[in-house]
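Shown next, in structure tokens, is the structure this report addresses.
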Amino acid sequence: MQFPFLTLGVPNYITYGMVGAVIGHEVSHAFDDQGGRYDELGNLNDWWDTETAEKFTEKTRCFVRQYGSVKVAEAGIHLNGQLSLGENIADNGGVKTAFNAYKAWRANTSEEEPALPGFQNFTSEQMFFLAYANINVVPKSSAGGCLLCAKQQRNE
């Protein structure tokens, strides 16, 4: 990894919020609607027990409903939560894992993290989420590309 995801010398809330979330996202794909169907050897194999499979189905239905309700009126887009399911699972799993890891690090250190200029009134937890949000920022000049991605997920 390289800039902007990995920058030496920045506070850990930035590293965990950016690098941790990206790593967590990629690892989470092993357990999403596609990756969870493969065993530890990479073979297509129904390896989950019934209870786990039922709980997964219940939670994925929730993701589909939640993300399927997203409307971007300005672009005339209504997202299809089923098409984006794997990415939504990975995004949620990645940020949750990274935030839990960051909180564990904070609980085991006495190190004070410096505030960034202009952000002195934010907590380190808030800064974690600002850093995480930063990896999803699309420059204004790239708005057309962003809309193209969103149109691929809209309900037909």
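The values are calculated or read from the model by the stated rules, or taken from the named source; none is laboratory data. What you see is a predicted model; the values in this text were computed from it and never measured. Note that we place each Cβ from the backbone using ideal geometry, even for glycine, and neighbour counts take in every protein chain shown.
A few remarks follow.
- Options 98, 90, 104; residue that is assigned to a helix (DSSP H, G or I), out of contact with any Leu (no Cβ under 7 Å at 6 or more places or on another chain), modelled with pLDDT of 95 or more and surrounded by fewer than 15 Cβ atoms within 10 Å (Cβ to Cβ): 104
- Output for the stretch 1-50, where each listed residue is of a type in the set (Asp, Glu) and closer than 27 Å to residue 104 by Cα: 26, 32
- Lone qualifier among 67, 16 - being free of Cβ contacts under 8 Å to residues at least 40 places away in the same chain, surrounded by 17 or more Cβ atoms within 10 Å (Cβ to Cβ), of a type outside the set (D, E, K, R) and closer than 25 Å to residue 134 by Cα: 67
- Residue in the stretch 20-34 that is over 19 Å from residue 126 (Cα atoms) and more than 16 Å from the chain's Cα centre (by Cα) present: yes
- Evaluated against (1) at pLDDT 95 or above; (2) surrounded by 11 or more Cβ atoms within 10 Å (Cβ to Cβ); (3) over 18 Å from residue 25 (Cβ atoms), residue 121 falls short on exactly one condition, (2).
- When residues of the stretch 26-56 are limited to those that are surrounded by fewer than 12 Cβ atoms within 10 Å (Cβ to Cβ) and among the β-branched types (Val, Ile, Thr), the one nearest to residue 81 (Cα to Cα): 52
- For the stretch 72-87, taking the residues that are in contact with a strand residue (DSSP E or B) (Cβ under 9 Å, 6 or more places away or on another chain) and assigned to a loop (DSSP other than H, G, I, E, B), the one that is farthest from residue 16 (Cα to Cα) is identified as 76.
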